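Student: Sharing a structure below in structure tokens format, with a few things to ask.
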Amino acid sequence: MLAVLIYKLILVFAILGISLVVAMYSTYAERKVAAFMQDRLGPNRAGPFGLLQPLADGVKMFMKEEIIPSVSNQTLFIIGPCIAMTTSLMTSAVIPWSSDLSINGTSYPLQVTDVNIGILYLFGVVSIGVYGIMIGGWASNNKFSLLGALRASSQMISYEIAMGLAIIALVMMTGTLSLREIVEQQPGGHWNILYQPIGFIIFIVCAFAECNRTPFDLAECETELVGGYHTEYSSMKLGFYLFAEYVNMFISSAIISTLYFGGYNFPFMHELGLSPNMLALLGGLVFFAKIFFFIFFFMWIRWTIPRFRYDQLMNLGWKGLLPIALGNIALTGLVMWLTGKIN
Amino acid sequence: MAQEINKTTTQVEEKQYSTLNLGPTHPATHGIFQNILTMDGEIIVDAVPTIGYIHRAFEKIAERRPYYQITVLTDRMNYCSSPINNMGYHMAVEKLLNVEIPKRVQYMRVIVMELARISDHIICNSVISVDSGALSGFVYMFQFRELIYEIYEEICGARLTTNMGRIGGFERNWPKTAWEKIDKFLHEFPVQLDEFESLLIRNRIFMDRTINVGPISAERALNYGFTGPNLRAAGVDYDVRAMNPYSSYEDFEFTIPVGTNGDTYDRFVVRQEEMRQSLSIIRQALTKLKTLPDTVYHAEVPDVFLPPKELVYNQMEALIYHFKIVMGEVPVPVGEIYHAVEGGNGELGFYLVSDGGRTPYRLHFRRPCFIYYQAYPEMIKGAMLSDAILTLSSLNVIAGELDA
């Protein structure tokens, strides 16, 4: 019992550390990707190739003066970024990072916990995430922040519905809510993307909206709302908001890979003839490769296309994605009925 | 305006509107101007722009300065295309003095004015892309604005506030590197222009964001006194270069692009096409220049054009002229003229009244942005906050022209 507890603690801290490091270097990667797309050099002063830039930024964030506006609701003003950061880190608990490692006959799952309602847990936590932005924007007592918070909350609530419906089609197909089982149903190259392409497109669009990334970055679009919901924030509280965005991006990429791209599965994995432990390690690497690809995809989109207007965003969510998601459910049901999976 | 505010407040008395200060330090108000918006959620119910938020009293300062010292004031009006302002002012004074300008100088002026127009349009269009959220196109275009500034540097030594040229011509002949850089620009810029355009012009999100955003009909635009690309986007083919040619624009062939709706998208497209026309004008000017002697860079007007320094040190006449010009003792006829050039943003006019003294009796600048800004509240009423930002950047309102 104690051994399991210690193992879980180590795993929790490892995953927390990995999430934070990946998020930290996503900020660096974002600037490098932007620089690459815009014929610039990007950060290259701190350390070799500017690799220490995220550390320098972190130190800078901590050293900055912390300003809490006198007209703000101070308790809520502090709670806002805490919620945003906490919820973004909580989701990593249910993600299966790789298949089990077995050392001396004991099996060590590379997943903090295999909740049998993993998807529901994800949705629950992500929905709490909107409170971080809403409370922060409202407590600042600034009109730009309030507008940003309004936009963020209505956007996240609308897109969660389409996202949920896209997942329902997937759940119908897989018959489980556990993320581990979903991954294990996609051995080798039999990824869900092949069976659920429409669902995947809806899901990734909604993931962009949930992460507040371009073209859905209306909550903080600097040309209209100055800084959106975090206009009044400074120091590490601002850092928390910005950081939470990158953690969210990392987790979203992980979820996309898990649900639609086979998680740690990769084609011809069983033909290689490797031992299960080697396969687990390789699977973990492949999983991270998929995650990094999607993080790059997020950045690629951000530096390419313009953003939506508020009403267009709502139209897309309610009039575009929602009917398509419903149609996708019907289509999935029809195909399952025709192929005899249900009767 | 006051009547309309009253109307909206009485119509729905229970409804509460919020007031939002857009500017003076808002990131999308490029420059310093203030807009007090009355908002119903995201919808703009009413807008009150504060005109004259910055005021530098250029027209009054001009009344106290000798003619050649006024050029530096014109730099600071539309600082995105200051050479046009400089040249326009020089031409206005030359019109007053009745000076004949050699063809070569006129063509050189055309080249530099068209470069300035391109740089002005680069700023406007790339800022539209930034304000709509697409950041990369901005950087692609600004590389070439930098190249234009390098050309300015070769010609006159300055970049932004150029103070380029003198009354009667240019202060010196252009160096070889200036011509080389112009060739480089003509060679490389069209490729980048096409790439930038392909990023946005058929992008569904960009089209949704700009089409029918901030529209103005041709009639309303004319009533307000719109000129330049903003009027042409509304469908009126008025261009000072064609209607009232100056600096030998009649020697060039170019088309005037016009839009139909006068919305943000049309303004964007019109400016894109105008950049192509400007490139063609520069090319024509370069071929025309090849046939002219390449040592002429100013008119023979010793009364107003400073003699070279060697002559000032060695010749009595040159010393006298130098002294008189620097002290502002230039004979100027009594008269009243209006000279307009097609600025980067519209008709830039100089209304100059002289009583024969050493300074103008009155100098009025017709600033196109000053006029666009009057129409701004009408154009954004009922629109959303995001539209207001895009409309402002597509009108290309430059704060330097607002202080009248």
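Student: Would region B:291-308 turn up any residue that is assigned to a helix (DSSP H, G or I), among the aliphatic types (A, V, I, L, M), at pLDDT below 90 and surrounded by fewer than 23 Cβ atoms within 10 Å (Cβ to Cβ)?
Tutor: Within region B:291-308, none of the residues are assigned to a helix (DSSP H, G or I), among the aliphatic types (A, V, I, L, M), at pLDDT below 90 and surrounded by fewer than 23 Cβ atoms within 10 Å (Cβ to Cβ).
Student: Does region A:1-27 hold any residues that are among the hydroxyl-bearing types (S, T, Y) and either modelled with pLDDT of 90 or more or under 10 Å from A:Y246 (Cβ atoms) (or both), and which are they? Spell out how you get there, then give the answer.
Tutor: So the first thing to find is which residues in region A:1-27 are among the hydroxyl-bearing types (S, T, Y), and the list is A:7, A:19, A:25-27.
Hits for region A:1-27 are A:S19, A:Y25, A:S26, A:T27.
Student: Go through region B:124-152 and count every residue that is open to solvent by 10 Å² or more (accessible area, probe 1.4 Å), at pLDDT below 90 and among the aliphatic types (A, V, I, L, M).
Tutor: Result for region B:124-152: 4.
Student: If you don't mind, another one. Name the pairs: first residue in region B:123-134 and at the interface with chain A (Cβ under 7 Å from one of its Cβ atoms), second residue among the hydrophobic types (A, V, I, L, M, F, W, C) and outside any helix (DSSP H, G or I), Cβ to Cβ under 6 Å, at least 6 apart or on different chains?
Tutor: Going by the 6 Å Cβ cut-off, the qualifying pairs are B:D131/B:A28; B:A134/A:I305.
Student: So which pairs qualify, if the first residue must be in region B:190-208 and within 12 Å of chain A (Cβ to nearest Cβ) and over 21 Å from B:S278 (Cα atoms), the second must be surrounded by 15 or more Cβ atoms within 10 Å (Cβ to Cβ) and β-branched (V, I, T), the Cβ gap must be under 7 Å, and the two must be at least 6 apart or on different chains?
Tutor: Going by the 7 Å Cβ cut-off, the qualifying pairs are B:N203/A:I305; B:I205/A:I305.
Student: I would also like to ask the following. When you scan region B:209-243, how many residues do you find that are more than 14 Å from every other protein chain (Cβ to nearest Cβ) and farther than 17 Å from B:G349 by Cα? Before you say what the answer is, go through the steps one by one.
Tutor: At the first step, the residues of region B:209-243 found to be more than 14 Å from every other protein chain (Cβ to nearest Cβ) are B:215-243.
Add one more test, that the residue is farther than 17 Å from B:G349 by Cα, and what stays is B:215-221, B:223, B:232-237.
Residues flagged as more than 14 Å from every other protein chain (Cβ to nearest Cβ) and farther than 17 Å from B:G349 by Cα within region B:209-243 amount to 14.
Student: Give me the residue from region B:24-74 that is open to solvent by less than 30 Å² (accessible area, probe 1.4 Å) and within 11 Å of chain A (Cβ to nearest Cβ) and, out of that set, nearest to the chain's Cα centre (by Cα).
Tutor: Step by step, filter region B:24-74, then rank; the result is B:T29.
Student: Run down A:M236, A:M278 and say which single residue is in a helix (DSSP H, G or I), surrounded by fewer than 22 Cβ atoms within 10 Å (Cβ to Cβ) and in contact with a Pro (Cβ under 9 Å, 6 or more places away or on another chain). So that I can check it myself, show each step before the final result.
Tutor: On the way: A:M278 fails: in contact with a Pro (Cβ under 9 Å, 6 or more places away or on another chain).
Unique residue meeting the criteria: A:M236.
Student: So which of A:A46, A:A34, A:A84, A:A56 ends up being at negative phi, open to solvent by less than 20 Å² (accessible area, probe 1.4 Å), away from every other protein chain (no Cβ under 14 Å) and aliphatic (A, V, I, L, M)?
Tutor: After ruling out the rest, the residue left standing is A:A84.
Student: Evaluate the following for B:M77: is it open to solvent by less than 30 Å² (accessible area, probe 1.4 Å) and either within 14 Å of another protein chain (Cβ to nearest Cβ) or outside any loop (DSSP other than H, G, I, E, B) (or both)?
Tutor: The answer is no for B:M77.
Student: Please find, among B:I337, B:I325, B:I320, the residue that is over 30 Å from B:V397 (Cα atoms), outside any loop (DSSP other than H, G, I, E, B) and within 30 Å of the chain's Cα centre (by Cα).
Tutor: B:I325
The values are calculated or read from the model by the stated rules, or taken from the named source; none is laboratory data. None of these values were measured; they are calculated from a predicted model. In this analysis, Cβ positions are derived from the backbone assuming ideal geometry, glycine residues included, and neighbour counts consider all displayed protein chains. Please note that ligands, DNA and RNA were not included when accessible areas were found on the heavy atoms of the full protein model with its side chains. Shrake-Rupley method; radii C 1.70, N 1.55, O 1.52, S 1.80 Å.
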